[in-house]
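Just so it is clear, none of the values below were taken in a lab; they were calculated from the coordinates. Computed from a prediction, not measured in an experiment: that's the story for all the values here. Note: ideal-geometry Cβ built from the backbone for every residue, glycine included; neighbour counts use all protein chains shown.
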Amino acid sequence: MIIVSACLAGMKCAWDGKARSCDKVIQLVKEGKAIPLCPEQLGGLSTPRSPVEQRDKLVVTKDGTNVSLEFNRGAQEVLKLAKLVDCKKAILKSKSPSCGSNLVYDGSFSDKLIKGDGVLAKLLKENGIEVLTEKEI
Ligand code: SF4
């Protein structure tokens, strides 16, 4: 079973209340091969919500509110489900502070990308789950 970012499966769960639909991911869900989850919603954040970036090992909104607790809680909830279904692979939304893999925004809210993983992507990798973005499938 594959875990996928819910926004890629067409759920309107992104920070702006919109989806980030990806046809290939939607097809995987239709075929029963993938489970869509949104770690930020599972962590207790509302939708829509303020955009967030990682900065100095924290996760903060543009006005400086620390939402690290919600991000970590949501990532742990996804990991819990990944273990329940013996997930070995995840397809997550690129560049997100939760779901991004290998490339994330730098914390300056100026569209600059740096090497790094989102909170969920990092946790899944640490637990032996392969993480791909929608651009890599
Ligand atoms: Fe999509 Fe992940 Fe952001 Fe949720 S946390 S909206 S699944 S990129």
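Mind checking which aspartates and glutamates have their C-alpha under 13 Å from Lys112, skipping anything on the same chain fewer than 8 residues away? Qualifying aspartates and glutamates at Cα under 13 Å: Glu53. Remark: region 21-26, residue by residue, has Karplus-estimated 3J(HN,Hα) of 4, 10, 4, 5, 5, 4 Hz, where x stands for each Gly or Pro and the curve is 6.51 cos²θ - 1.76 cosθ + 1.60 at θ = phi - 60°. Taking one quarter of the surface of the C-alpha convex hull of region 2-91 gives a mean projected area of 5.9 nm². Placing a pseudo-label 7 Å from each Cα along the Cα-to-Cβ vector at Thr65 and Ile137 gives an inter-label distance of 3.1 nm.
Among 106-118, 37-49, 88-100, sorting by the average number of other beta carbon atoms lying within 10 angstrom of each residue, highest first, gives 88-100, 37-49, 106-118. Dipole orientation for the chain: of the candidates Pro48, Ala19, Val85, Val85 has the Cα lying most toward the positive pole (charges on Cβ; Lys, Arg +1; Asp, Glu -1).
Relative to the current alpha-carbon distance between Thr47 and Leu103, full extension at 0.36 nm per residue lengthens the span by 17.8 nm.
Rounded to the nearest 20, the Cβ-based charge dipole of the chain about its Cα centre (Lys and Arg +1, Asp and Glu -1) stands at 180 debye. Reducing region 1-63 and region 87-137 to their Cα centroids gives an inter-centroid distance of 11 Å. Isolated cysteines in the chain, defined as those with no second cysteine Cβ under 4.7 Å, comprise Cys7, Cys22, Cys87, Cys99. Calculated mean residue ellipticity, 222 nm, the chain: -7500 deg cm²/dmol, from DSSP H runs (n ≥ 4) at -39500 (n - 2.57) each, averaged per residue and rounded to 500. Pairs over the 22 Å Cα-Cα cut-off, from the set Lys18/Lys125; Lys80/Lys115; Lys62/Lys93; Lys24/Lys115; Lys30/Lys115; Lys24/Lys57: Lys18/Lys125; Lys80/Lys115; Lys24/Lys115; Lys30/Lys115; Lys24/Lys57.
Could you give the angle, 0 to 90 degrees to the nearest 10, between helix 68-84's Cα long axis and the longest principal axis of the Cα atoms of the chain? Around 10 degrees separate the two axes.
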